[in-house]
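Structure first, then comments.
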Amino acid sequence: MKDLTEGPIPKHVAALAIPLIAGMLLQTLYFFVDLYFVSRLGDAAIAGVSVAGNLMFVTFFLSQMLGVGTVALVSHAVGRKDRAEANHAFNQATGLALACTILTLVGGYALIGPYARFFGPDEAARAAAQTFLSWFLPCLVLQFPMVLMGSGLRGTGIVKPAMAVQAVTVVLNVIFAPIFIAGWGTGKPLGVAGAGIASTLAAGLGVVFLVVYFIRLEHYVAFDPRDWKPDWRTLGKLVNIGFPAGGEFLLMAIFVSIMYWAARDFGTAAQAGVGLGFRVNQMLFVPALAIAFAAAPIAGQNFGARLALRVRETFSVAVLYISVVMFACTIVVQWKAASLAGFFTSDPPVVASAVVFLRYLSWNFIPTGVLVTCSSLFQAMGNTWPALGSSAIRIVIFAIPAIWLSGRPGFDLRDVFALSVATVLIQTVMTVAWLRLEFRRRLEPLVAPSPQAAQGA
């Protein structure tokens with residue numbers, strides 16, 4: 001356990017964010033390795049895997065609910081120096097993770113076919129999506145135990161073990177992907193099915209490694225099957241905090257689905273370009289997510305310890321760090337979007353589509369960074385509903401005009417991209433205003449920090 005209620009906030013943010021950035025970049029590379037080899041299979045394979053990848057956001061809805069709730073409850077207990085409550089919260093989350101695993105596995109296989117048929121731009125892309133998901137779904141399911149254990153550790157201020165395991169899984173995926181996708185060493189390429197198999201095998205081994213770490217080396221929170229029986233009061237707290245945060249990913253799935261739906265009528269290359277653009281965007285945004293994720297346990301422990309000034313300072317430091325990093329990423333995209341897309345495919349129409357997407361959406365980098373930081377602070381204070389509310393408003397003001405525009409003569413995908421930029425700016429203004437209100441409501445009643453704590457800040 002690492003006490004984050006003392007010491008300089010900027011140092012804590014950097015200390016947690018740096019390994020998180022490394023781990024999340026590696027986790028993103030997990031998917032990019034597959035994409036690199038799949039892109040050699042043609043437009044239909046890229047479009048199919050990209051469409052299938054949108055289903056990840058639905059899984060992220062459940063895993064984010066689990067992870068955010070776990071970090072909040074564990075970090076609050078750690079801030080109060082209540083180890084028993086931290087363990088109880090962690091084990092209640094374990095029971096919820098088991099339920100999510102079963103629900104996703106059964107529901108996922110039931111819906112793969114209809115999902116692929118609805119979003120695929122042509123029969124080849126639909127077949128690729130269905131094949132990939134059939135083998136990739138177990139990898140998605142394995143994210144629940146990974147998120148559970150990583151969140152339990154993060155709530156106690158520890159991030160390096162989970163990041164190390166993610167690094168190992170990426171190395172394994174780099175090894176497995178060419179073997180199963182391209183048939184290196186076997187002479188039997190499995191194409192998109194191989195991409196799913198490689199990811200699932202790597203994720204499975206990662207879960208095994210993290211379980212071994214927990215059993216042998218973790219001492220503050222630990223698995224206790226006797227405590228997996230539902231405690232509805234604790235589960236209610238966990239879901240109340242985690243559901244809105246997970247709901248943001250569900251709304252993101254709707255947003256991405258509208259993008260894919262709008263691109264479907266422009267052909268396979270256009271949809272493949274949008275999918276490729278989303279993946280590049282995802283990797284470039286990793287530093288912002290890592291900094292925001294680092295802010296959650298820091299603010300959470302200090303909120304539990306009733307140190308209001310340190311909670312506010314955590315937000316300010318995180319926003320400053322994110323703004324600097326994402327400004328640099330925006331410049332890179334505006335300057336080198338074609339090179340970023342061209343790394344994965346040499347198909348001119350796909351590259352052209354991805355470049356347009358990236359150049360528009362990069363203007364969202366800094367505002368979205370502020371949004372995810374606000375979301376982390378809402379999580380830390382135990383009320384994530386405002387973040388969900390602002391996301392829901394954004395989806396409404398995006399979806400209705402986007403659907404209307406798609407039916408107009410002369411409709412162009414640039415119209416939807418520009419609409420996305422505008423609605424993110426509106427959402428950012430709303431969310432910051434909401435957070436200021438939440439600060440006044442939740443922080444002002446707290447006991448003022450002691451002179452010793454203030455000096456430590």
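The values are calculated or read from the model by the stated rules, or taken from the named source; none is laboratory data. For clarity, every value in this text was computed on a predicted model and none was experimentally measured. Cβ atoms come from the backbone with ideal geometry, glycine included; neighbour counts cover every protein chain shown. Calculation scope for accessible area: heavy atoms of the full protein, side chains included, ligands and nucleic acids excluded. Shrake-Rupley method; radii C 1.70, N 1.55, O 1.52, S 1.80 Å.
Structural remarks
- Flag if Leu172 is modelled with pLDDT of 85 or more and open to solvent by 50 Å² or more (accessible area, probe 1.4 Å): no
- Hey, Gly108 open to solvent by less than 50 Å² (accessible area, probe 1.4 Å), farther than 28 Å from Phe243 by Cβ and modelled with pLDDT of 80 or more or not: no
- Breaking point among (1) open to solvent by 30 Å² or more (accessible area, probe 1.4 Å); (2) modelled with pLDDT of 75 or more, for Ala93: (1)
- Every pair of residues 6+ apart whose Cβ atoms lie under 7 Å, when the first sits in region 66-77 and is surrounded by 24 or more Cβ atoms within 10 Å (Cβ to Cβ) and at pLDDT 90 or above while the second is basic (Lys, Arg) and in a helix (DSSP H, G or I): Leu73/Lys237
- Wholly within region 94-209, helices (runs of 4 or more DSSP H) carrying at least 3 residues that are among the β-branched types (Val, Ile, Thr): 160-177
- Residues of region 176-199 that are surrounded by fewer than 24 Cβ atoms within 10 Å (Cβ to Cβ) and at pLDDT below 90: Pro178, Ala182, Gly183, Trp184, Gly185, Thr186, Gly187, Lys188, Pro189, Leu190, Gly191, Ala193.
- Any hit, region 337-349, residues being touching a residue at least 24 places away in the same chain (Cβ under 8 Å), hydroxyl-bearing (Ser, Thr, Tyr) and out of contact with any Asp or Glu (no Cβ under 9 Å at 6 or more places or on another chain): no
- Whenever a residue of region 186-208 is within 15 Å of Pro145 (Cβ to Cβ), its partners that are open to solvent by 20 Å² or more (accessible area, probe 1.4 Å) and in a loop (DSSP other than H, G, I, E, B), lying with C-beta atoms within less than 7 angstrom and at least six residues away or across chains, give the pairs Ala203/Leu142; Gly204/Leu142; Val207/Leu142.
- Set Ile291, Ile258: member being touching a residue at least 40 places away in the same chain (Cβ under 8 Å), surrounded by fewer than 24 Cβ atoms within 10 Å (Cβ to Cβ) and assigned to a helix (DSSP H, G or I): Ile258
- Residues of region 294-324 that are surrounded by 24 or more Cβ atoms within 10 Å (Cβ to Cβ) and in contact with a Pro (Cβ under 8 Å, 6 or more places away or on another chain): Leu307, Arg310, Ile322.
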